[in-house]
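Here's the structure we're looking at; comments come further down.
The values are calculated or read from the model by the stated rules, or taken from the named source; none is laboratory data. The model shown is predicted, which means the values in this text are computed figures rather than measured ones. Ideal geometry is used to build each Cβ from the backbone, glycine not excepted, and the neighbour counts take in all protein chains shown.
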Amino acid sequence: MTTARKTELCRPLARGRLRLEPLVEAHRDGLRAACARDEQIWEIYSVNLTGDDFDPAFDGKCAGEGGQFAYAVVVDDAVVGCTSWYGLEPGNRAVAIGYTYLAPEVRGGDCNLSVKGLMIGHAWAAGFHRIHFDIDVRNQRSQAAVRKLGCQPEGVLRHNKVTWTGFLRDTAIFSLLPGEESDALKAYL
């Protein structure tokens, strides 16, 4: 990715009470507490952000491992989760959004739509024209959430990732192009 395009894409975003802040050391304890509020969900995530695995995973996110640019999701000054840009393809003007976790108390409301609306609207404004989401096929809640955005299913990559538990997962791929946004998402763009 060109430095200019990355700099334009990877910056703080905010709307109302919600902020997406580049993940830094100051978010460590707040994110640790948010992630610990649903320890069972991590079984279907590719990485674990609880227990002894938290600190190395947090450090990797802050360091940009795997090409990630991670955000802390902050509502009213409380860290309630995280999300990331990754898979940056500047020549193709494509990017992925993922590695998203939201604490149980903000799921099911408008928090995910707000987070994704900020990121998607910003990606379009930065000149990207394709956003994709890679989701473990077992994660029905995340698949439903991206469908709610207007994302289209593209297929399944079979056995393409080994998760932190050693599980060989299948990954459902969804994408969104400008103009495909759902009415629900449009309200947050």
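Every residue, every condition in (1) surrounded by 13 or more Cβ atoms within 10 Å (Cβ to Cβ); (2) at pLDDT below 95, yes or no:
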position	(1), (2)
Cys151	yes, no
Gly155	no, no
Arg158	no, no
Leu168	no, no
Thr171	yes, no
Leu176	yes, no
Glu180	yes, no
Ala184	yes, yes
Leu189	yes, yes
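For Ser114, indicate whether it is within 17 Å of Tyr101 (Cβ to Cβ) and within 16 Å of the chain's Cα centre (by Cα). Break it down stepwise before answering.
Details: within 17 Å of Tyr101 (Cβ to Cβ): yes; within 16 Å of the chain's Cα centre (by Cα): yes.
Yes, satisfied.
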Exercise. Restricted to the stretch 38-56, and to residues that are free of Cβ contacts under 8 Å to residues at least 40 places away in the same chain and not aromatic (Phe, Trp, Tyr), which residue is farthest from Thr100 (Cα to Cα)?
Worked result: Asp52
Exercise. Which residues, taken from the stretch 111-128, are of a type outside the set (A, V, I, L, M, F, W, C), surrounded by fewer than 19 Cβ atoms within 10 Å (Cβ to Cβ) and either modelled with pLDDT of 95 or more or closer than 14 Å to Ser142 by Cα (or both)?
Worked result: Gly121, His122
Exercise. Quick one: how many residues across the stretch 12-67 are under 30 Å from Ala187 (Cβ atoms), modelled with pLDDT of 95 or more, in a loop (DSSP other than H, G, I, E, B) and under 15 Å from the mean Cα position of the chain (by Cα)?
Worked result: 3
For this session: Would you check if Phe58 is out of contact with any strand residue (DSSP E or B) (no Cβ under 8 Å at 6 or more places or on another chain) and surrounded by 17 or more Cβ atoms within 10 Å (Cβ to Cβ)?
Result: yes
Exercise. Right, Ile135: at pLDDT 95 or above and either among the aromatic types (Phe, Trp, Tyr) or closer than 22 Å to Arg15 by Cβ (or both) or not?
Worked result: no
